[in-house]
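Chemist: Sending over a structure as structure tokens; questions will come in a sec.
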Amino acid sequence: MLDVYHKRIQCERNWWNYMLFVCFFPQILSGPISKASDLLPQIKSERKFDYGFAVEGLRYLLWGMFLKVAFADRLALYVNPVLDNYSDYSGVSIFMACTFYSLQIYGDFAGYSLMAIGVARLMGFDLINNFNRPYLAASITEFWKRWHISLTRWLTTHVYIAMGGNRCSKVRQYINIMTTFLVSGIWHGANWTFIIWGVIHGLFQIIEKVFGIQSTAGLSVFKRVIRICITFTAVSFAWLIFRMPTITDAWNCFCGIFTNKGSLYLPQIDELMFLVIIAIVPIIKDILIEFEPDVIKKFFANVFLRRTYYVLIALALVIFGVFNADSFIYLQF
């Protein structure tokens, strides 16, 4: 409706095309959020089966299932007991659980998005890729260009730019940024934890713009790695607030990192081994794609290596997957 009002697209007068756009089942629960200008033309055009497109959809589907069932849900076996009972665990265990939760929510949400993209491609539709290695961002500004890309695009178009964006004074621009992230927080739920989470991300972006450090262009490898670590730590701190049921719990949990004595909580040796093996795979893959893309291209260009990789991912999904876990985290928002 807003796109029609602002004359970005023509009004869709075919009821069935419009209803399919609104109710397109691969993305209706948790995105990606498709623009009408992207999805409606695909709905109205004739589609024929494309073998290569379908195979790519299956690859997205497989990797998405791996991220959700084997990666995110296995991390949850460590995260949930610790953060749900943080007063019973040591500070180093809470810190580890916070770090794992950042990885868990990424695997959970990115896994769902990839599965939605995969299912859509099997039917001949091309949806936006919702994640672009967000934890390798070297600033909070860059993080939001890589995390939940379709939501960032929607908020930028319909909130930030609608309020004036950066075509105004610096103070007004900062107000626009903060308002946009307040909306983002409220969008996730009517809880103070989500609102504070949005405020923190807004403050981080404003601070970066005040000091002119939002851009990551021209950074040396060493500086980029340092800033990636700082950004990941800041994002993980915000995720802790996002994860806890109340602000009090979030504060007590954060304080527990520095005050709770004791050793690192370690699960049983077999669970620990599974966790380490599974966690390494997506981390190494993202790092190689980000910093050594030619290595990845050469790897997947080799038919034997490519097929072996997919077989091993499928086996790891079956062997290491957690199939009695809760539903997707983002289904609650």
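Chemist: Convert each backbone phi in the range 12-22 into a coupling constant with the Karplus relation 6.51 cos²θ - 1.76 cosθ + 1.60 (shift: θ = phi - 60°), then list the ³J(HN,Hα) values in order as whole Hz, x for Gly and Pro.
Modeler: 8, 9, 8, 4, 5, 5, 5, 5, 5, 4, 5
Chemist: Additional query: Let me check something: with ligands and nucleic acids excluded, how do TRP144, TRP187 order by accessible area (1.4 Å probe), largest to smallest? Mind showing how you got there, number by number?
Modeler: Numbers: TRP144 15, TRP187 115 Å².
Largest accessible area first, the list is TRP187, TRP144.
Chemist: Mind checking the per residue accessible area of the range 45-152 for me, 1.4 Å probe, whole number of Å²?
Modeler: Working: 3710 Å² over 108 residues.
That works out to 34 Å² per residue.
Chemist: Could you report the accessible area of MET123 in Å², rounded to 10, computed with a 1.4 Å probe on the protein chains as they sit in the structure?
Modeler: 80 Å²
Chemist: Tell me the Rg and the Dmax, in Å, that the Cα atoms of the range 1-147 produce.
Modeler: 19.1, 60
Chemist: SER45 accessible area, nearest 10 Å², 1.4 Å probe?
Modeler: In the full protein context, SER45 sits at about 60 Å².
Chemist: Give me the dipole magnitude in Debye, nearest 20, for the chain about the Cα centre, with unit charges on the beta carbon: positive for Lys and Arg, negative for Asp and Glu.
Modeler: Numbers: 29 positive and 21 negative charges, 233 e Å.
Charge dipole of the chain: 1120 debye, to the nearest 20.
Chemist: How would LEU219, LEU317 rank on accessible area, largest to smallest, probe 1.4 Å? Walk me through the numbers on the way to the answer.
Modeler: Working: LEU219 55, LEU317 15 Å².
Final ranking, largest accessible area leading: LEU219, LEU317.
Chemist: Which ³J(HN,Hα) values in Hz, rounded to whole numbers, follow from the phi angles of the range 90-97 under the Karplus curve 6.51 cos²θ - 1.76 cosθ + 1.60, where θ = phi - 60° and Gly and Pro get x?
Modeler: 6, x, 5, 5, 5, 4, 5, 5
Chemist: Work out, step by step, the length gained on full extension between LYS145 and GLU56: first 0.36 nm times the residue separation, then minus their alpha carbon distance; give nm to one decimal. Mind showing how you got there, number by number?
Modeler: Values: separation 89, 0.36 × 89 = 32.04 nm, distance 2.40 nm.
Answer, rounded to one decimal: 29.6 nm.
Chemist: Ok, one more. Among the lysines in the chain, how many pairs, 8 or more places apart or on different chains, have alpha carbons under 14 Å apart?
Modeler: Taking the Cα cut-off of 14 Å, the pair count is 4.
Chemist: Show the residues, 5+ positions off or on another chain, whose built amide H is closer than 5 Å to the amide H of ILE9.
Modeler: VAL4
Chemist: Now, a different point. Show ASP249, ASP50 ordered by accessible area, largest first, where the area counts protein heavy atoms only and the probe is 1.4 Å.
Modeler: Details: ASP249 40, ASP50 85 Å².
If we order ASP249, ASP50 from most to least accessible, we get ASP50, ASP249.
Chemist: Calculate for the chain the 222 nm mean residue ellipticity that helices alone would give, adding -39,500 (n - 2.57) per DSSP H run of length 4 or more and normalising by residue count, nearest 500 deg cm²/dmol.
Modeler: Calculated from helices alone, the mean residue ellipticity at 222 nm is -21000 deg cm²/dmol.
Chemist: Related question: For ASP88 and TRP251, what does the FRET efficiency come to when R0 = 30 Å and r is the distance between their Cβ atoms, rounded to the nearest 0.05? Could you put the intermediate results ahead of the total?
Modeler: Working: r = 17 Å, r/R0 = 0.58.
For ASP88 and TRP251, the calculated efficiency is 0.95.
Chemist: Accessible area per residue for the range 158-236 in Å², computed with a 1.4 Å probe and the full protein assembly in place, what is it?
Modeler: Accessible area per residue: 55 Å².
Chemist: Also: Of all the accessible heavy-atom surface of the chain, with the other protein chains kept in place and a 1.4 Å probe, what percent is carbon and sulfur?
Modeler: Details: 11660 of 17710 Å².
Summing carbon and sulfur atoms, their accessible area is 66 percent of the total for the chain.
Chemist: Further question on the same structure: Using θ = phi - 60° and the Karplus relation 6.51 cos²θ - 1.76 cosθ + 1.60, list the HN-Hα couplings for the range 281-298 in order, rounded to whole Hz, with x at every Gly or Pro.
Modeler: Listing the rounded values in order: 4, x, 5, 5, 4, 5, 5, 5, 4, 6, 10, 9, x, 5, 5, 5, 4, 5 Hz.
Chemist: Relative to the present Cα-Cα distance, how much length would full extension add between HIS158 and ALA301 at 0.36 nm per residue of separation? All intermediate terms of the calculation are to be shown ahead of the outcome.
Modeler: Values: separation 143, 0.36 × 143 = 51.48 nm, distance 4.10 nm.
So the extension gain works out to 47.4 nm.
The values are calculated or read from the model by the stated rules, or taken from the named source; none is laboratory data. Remember, it's a predicted structure, so these values are computed and weren't measured experimentally. Positions of Cβ are generated from backbone atoms using ideal geometry, with glycine treated the same way; all protein chains shown enter the neighbour counts. Heavy atoms of the whole protein, side chains included, go into the accessibility calculation; ligands, DNA and RNA do not. Shrake-Rupley method; radii C 1.70, N 1.55, O 1.52, S 1.80 Å.
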